[in-house]
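Following: one structure in structure tokens, then a few remarks.
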Amino acid sequence: MKRFVFRLERLLQLRSRTERERAQELCRALHEEESRRSVLDEAAARLGRVGEQLAGTPEEVAAAGTLRNLGLTVEVAAGDMEAAAESHREALESVAAEQARYGEARRERRVVERLRENRKAVWDGDAVREEQKEHDGLARHRRSTGTGAP
């Protein structure tokens, strides 16, 4: 009996490879998002520390230069936080896009895989029927020639 041959096996292999590549891209995007979230958390903590410094200055008359420097420090920390927040938003969008691509690649592979399973099931059924025909033919031949057991 000949073995099962799935003519779309190469396509299934390509779809599987594409799915693995998409999974790697998703993993990279998740790591990048985690890294950017860490940077955002650090920027928020830095802004909080600067705010505490500003709030912690005595209510006495402070030098204009000191107040100006504290104001500039707050502006820089706020700018860093805004930039980190924007970067994190972009990373979240990238993760969502990669998740969608991975899901699509997974579905495409699964479609071909199901087709292979269905074709294999049909082939198995045909093979069983063919084998049964052979057995029936042998049994008929034995009965007609009288060489088989009663």
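Observations on the model:
- Inter-label distance for L92 and D136, nm, one decimal - labels placed 7 Å from Cα along Cα-to-Cβ: 6.6 nm
- Given charges at beta-carbon only (K, R positive; D, E negative), |dipole| of the chain in Debye: 2040 debye
- Calculated [222 nm] ellipticity per residue, helices only, for the chain: -33000 deg cm²/dmol; basis is -39500 (n - 2.57) per DSSP H run with n ≥ 4, divided by all residues, nearest 500.
- In summary, the chain shows an alpha-carbon radius of gyration equal to 2.36 times the 2.2 N^0.38 Å reference for compact globular proteins.
- Selection of trypsin sites (Lys or Arg not before Pro), the stretch 1-99, meeting DSSP coil and at most 14 other Cβ within 10 Å: K2, R3, R7
- Alpha-carbon geometry of the stretch 21-91: the Rg and the Dmax are 17.3, 62 Å, given in that order.
- For the chain, the longest principal axis of the Cα atoms and the long axis of helix 64-145 meet at an angle of about 0 degrees.
- In plain terms, the chain from E42 to K2 could stretch by 7.9 nm, reckoned as 0.36 nm per residue minus the Cα-Cα distance.
- Projecting label points 7 angstrom from Cα along Cα→Cβ for R49 and T145 puts them 9.6 nm apart.
- Residue separation of E113 and R17 scaled by 0.36 nm, minus their Cα-Cα distance, works out to 33.2 nm of gained length.
- Degrees between helix 9-56 axis and first principal axis of the chain (Cα, 0 to 90, nearest 10): 20 degrees
Readers should treat all values here as calculations from the given coordinates under stated rules, not as data from a laboratory. Since the model is a prediction, treat every value here as computed from it, not as a measurement. No Cβ is skipped: glycine too gets one built from the backbone with ideal geometry, and neighbour counts run over all protein chains shown.
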